[in-house]
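Here's the structure we're looking at; comments come further down.
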Amino acid sequence: MLASSKIWSVRRSGSPVIDLVNKTGFQALALLLALVLVPALGPAAAAGLGHSLSPVEPAVPAPGFTLPDMDDEPHSLADYRGRVVLLNFWATWCPPCREEMPSMERLYQALKDEGFAVVAVNQFETPDHVFAYTGQLEVDPTFTLLFDSDSSVANSFGVVGLPSTYVIDKQGLVRYKAIGGREFDHPEVEALIRGLMNEAPKAATPQG
């Protein structure tokens, strides 16, 4: 992580979020210590997860990408066209990422057979490290885990903090986003997702 000269620092805000900043030397060491200490402080150290998602208006096309999964098999965003996708950028050392992951799994289990997918894109870490990490979770995620080793895909989406989440509709448009941890199986979030799943395909705009 230090080799990339990037570190994720803790920012206090209404929603738990980890900010991306460039740090070196003693600054990086201090931030690493902060990341170690924050989970140890317990529930009082962070605000509870919210459930609000911000509309993206106007909706914009999601940048295309192809990334490997845990078995080094490639997955393209285009493979999910026709489904609503919850695209999440995360890392194991991000406390709110860990806190929100069980709710992502619950939402996925509730809607996976109805045209919904969850794609979680890990930042900077190795498959072996993430495999060991998921084995420590109360609920083992069954949704797709991909690896963005140089953060190029995160950069294409304009990610500035972890966790960051984008909801992409069946036509590949980014419709909602959230920075910071969320309770994704909240009834209001599920209703929003179902609304996108039930949208009729839009007719193509006539040319000429």
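A short reminder: the numbers here are calculations on the coordinates, not readings from a lab. Just so you know, these numbers come straight off a predicted model, no measurement behind them. We place every Cβ from the backbone using ideal geometry, glycine too, and count neighbours over all the protein chains shown.
Couple of notes before you dig in:
- For the range 102-112, 3J(HN,Hα) per residue [Karplus equation, 6.51 cos²θ - 1.76 cosθ + 1.60, θ = phi - 60°, Hz, x = Gly/Pro]: x, 6, 5, 5, 5, 5, 4, 4, 6, 10, 4
- With a simple spin-label model that places each label point 7 Å from the Cα along the Cα-to-Cβ direction, the separation between Gln171 and Ala191 comes to 2.5 nm.
- Inter-probe distance in nm under a simple model that places probes 7 Å from Cα toward Cβ, at Asn198 and Asp69: 3.0
- Around the amide H of Val121, modelled in the peptide plane, lie the amide H atoms of Asn88, Phe89, Trp90, Leu146, all under 5 Å away and 5 or more residues distant in sequence or on another chain.
- If you wrap the range 54-208 in the convex hull of its Cα atoms and look at it from every side, the mean projected area works out to 9.6 nm².
- FRET efficiency estimate (nearest 0.05) - Cβ-Cβ, Glu138 to Asp113, R0 35 angstrom: 0.90
- For Phe65, the residues whose modelled amide H falls within less than 5 Å of its own, excluding neighbours fewer than 5 places apart on the same chain, are Leu77, Ala78.
- Straight-line cross-link reach from Lys170 at under 15 Å between alpha-carbon atoms covers these aspartates and glutamates, not counting any fewer than eight positions away in the same chain: Asp79, Asp113, Glu114, Glu199.
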